[in-house]
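Here's a structure for you.
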Amino acid sequence: MTERGIKVTAGSVVVTAELYDTPTADLVWDALPITASGSTWGDEIYFRTPVSAEEQDAVPTVEMGAVAYWPPGQAICLFFGPTPMSVGDEIRPASPVNVFGRIVGDPTVLKAVSSGEEVRVERA
């Protein structure tokens, strides 16, 4: 397995993430760089991508800092806390997602990003 890292710039915030060895991660890696307008939904940032993938080991809840792909919206999602669908302390996407990586360091820095800010994902 090769280690692959990405840099995500959302507004003035920059985070790095490591990608897992999954088919979804391969599709995203091959599509980079990606630039889109980001949206927020609770403590989640998501943005549409040119990537088209089916559910692959999709999960209904994720860990803090998860980097995932949401098949219905062809979107990459960055999770840094509860969403409007969460119950208690869980982090619940709108529907199951393919987790393909994780943010390195503190993902809560993404709280400073507003809906509509440009998000750019590139190879690190």
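Just Val15, Val109, Val62 to compare: in a GNM of the chain, with alpha carbon springs under 10 Å, which one fluctuates most?
Looking only at Val15, Val109, Val62, the largest GNM fluctuation is found for Val109.
So if I average 1/r over every pair of distinct C-alpha atoms in segment 1-85 and take the inverse, what Kirkwood radius in Å does that give?
Evaluated on segment 1-85, it is 13.4 Å.
Would you check the accessible area of Ile45, probe 1.4 Å, heavy atoms only, in square angstrom rounded to 10?
0 Å²
What residue among Gly73, Gly88, Gly11 has the largest mean-square fluctuation in a Gaussian network model of the chain, using Cα springs under 10 Å?
Looking only at Gly73, Gly88, Gly11, the biggest GNM fluctuation is shown by Gly88.
With the radius of gyration and the Kirkwood radius both derived from the Cα set of segment 49-124, what is their ratio Rg to Rh? Spell out each step's value before the answer.
Values: Rg = 12.3 Å, Rh = 13.1 Å.
We get a ratio of 0.94 for segment 49-124.
Which one of Ala53, Ala112, Ala36 has the biggest mean-square fluctuation once the chain is modelled by GNM with Cα springs under 10 Å?
Looking only at Ala53, Ala112, Ala36, the biggest GNM fluctuation is shown by Ala112.
How much accessible area does Asp21 have with a 1.4 Å probe, in Å² rounded to the nearest 10?
Accessible surface of Asp21 is approximately 100 Å².
Please check which bits of segment 13-35 a label hung off Ser86 would reach, taking the label as a point 7 Å along Cα-to-C-beta and the cut-off as backbone N under 16 Å.
Within reach of a label on Ser86, which here means backbone N under 16 Å from a point 7 Å along Cα→Cβ, segment 13-35 contributes nothing.
While we're looking at this one, here's another question. Show that you can apply the helix-only estimate: for the chain, add -39,500 (n - 2.57) for every DSSP H stretch of four or more residues, divide by all residues, and state [θ] at 222 nm to the nearest 500. Walk me through the numbers on the way to the answer.
Numbers: 1 runs with 9 residues, N = 124.
So the calculated ellipticity at 222 nm is -2000 deg cm²/dmol.
The values are calculated or read from the model by the stated rules, or taken from the named source; none is laboratory data. What you see is a predicted model, and the numbers here were worked out from it, not measured in a lab. Positions of Cβ are generated from backbone atoms using ideal geometry, with glycine treated the same way; all protein chains shown enter the neighbour counts. Accessible surface is based on the protein model in full, side chains and every heavy atom, while ligands, DNA and RNA are left aside. Shrake-Rupley method; radii C 1.70, N 1.55, O 1.52, S 1.80 Å.
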